[in-house]
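Down below is the structure, laid out as structure tokens.
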Amino acid sequence: MIKCNVTVCGTISKAAVVRTNNENKAFTAFAVNCVIPARNGIDKTVEISVAKDGEEYNRTDYTVGKRVEISGVLTFKKRGDNLYFNMSASSVNLTVASNEDSIKGEMHFRGKTGKNIEEKTDKKGKNFLQFSAFSAEKVNDGFEYLWVRFLGFDREREEWLQPQTGIEAKGELELSVYNDKLNIACKVSEMSEYVKQPYNPNN
């Protein structure tokens, strides 16, 4: 499970339309392009599919090329080599002053750590942790795995933090591009061991 409470600044790439969900409730759908800066190589543009509950009566303002700022919950869906961005919007601001694209906010992650937990020291002599963890989603008869890189500054490694261990973490979302590959990272503010509860049909 990966959910991010974010604010996105970008450009509308698909004009708004009104659709209905499985419960026959109306929502406004549109798409936004956002440029992710590259640390090495070429910047990458991602398209975010946005849904906002209800019918936006000013949706004629949601024209292609319009700058927009959106707040809400961002989730990711991985299918093979493709990564899709989906956002449930709580607010939309169509009078944006900033011309700079950005995706800023906090990630909430549940998953399992990878094989390596590294304890490092920065140039100022401060300790930090670096490791990767994945979130799994069941798709048809198999699973899709989405990896996130975690950085824990000024943190001592706790005994439970071992390879192949369940983890729940929160922290600042960081998206970047390196050699044309999108990297998802999180600067940890809090984390704990995650133990999946057994299924109880009575709950």
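Considering the stretch 24-45, and only residues there that are surrounded by fewer than 14 Cβ atoms within 10 Å (Cβ to Cβ) and among the basic types (Lys, Arg), the residue that is modelled with the lowest pLDDT turns out to be Arg39. If the condition is being farther than 14 Å from Cys4 by Cβ, of a type in the set (D, E, K, R) and either in contact with a strand residue (DSSP E or B) (Cβ under 6 Å, 6 or more places away or on another chain) or at pLDDT 90 or above (or both), then the stretch 180-192 contributes only Glu190.
Which of the residues belonging to the stretch 2-23 are open to solvent by 70 Å² or more (accessible area, probe 1.4 Å) and either within 11 Å of the chain's Cα centre (by Cα) or modelled with pLDDT of 90 or more (or both)? Lys3, Asn5, Lys14 - these are the residues of the stretch 2-23 that are open to solvent by 70 Å² or more (accessible area, probe 1.4 Å) and either within 11 Å of the chain's Cα centre (by Cα) or modelled with pLDDT of 90 or more (or both).
Would it be correct to say that Thr113 is of a type in the set (Ser, Thr, Tyr) and in contact (Cβ under 8 Å) with a residue 40 or more places away in the chain? Yes; evaluated as a whole, the condition is true for this residue. If you check Val148, Val177 for being in contact with a Pro (Cβ under 8 Å, 6 or more places away or on another chain), β-branched (Val, Ile, Thr) and in contact (Cβ under 8 Å) with a residue 12 or more places away in the chain, only one passes: Val177. Among the residues of the stretch 46-82, the ones that are loosely packed, with under 13 Cβ neighbours inside 10 Å and among the polar types (S, T, N, Q) come to 4 in all.
The values are calculated or read from the model by the stated rules, or taken from the named source; none is laboratory data. The model shown is predicted, which means the values in this text are computed figures rather than measured ones. A quick note on method: Cβ atoms are made from the backbone with ideal geometry, for glycine too, and the neighbour counts reach across all protein chains shown. Just the protein is used for accessible areas: all its heavy atoms, side chains included, with ligands, DNA and RNA removed. Shrake-Rupley method; radii C 1.70, N 1.55, O 1.52, S 1.80 Å.
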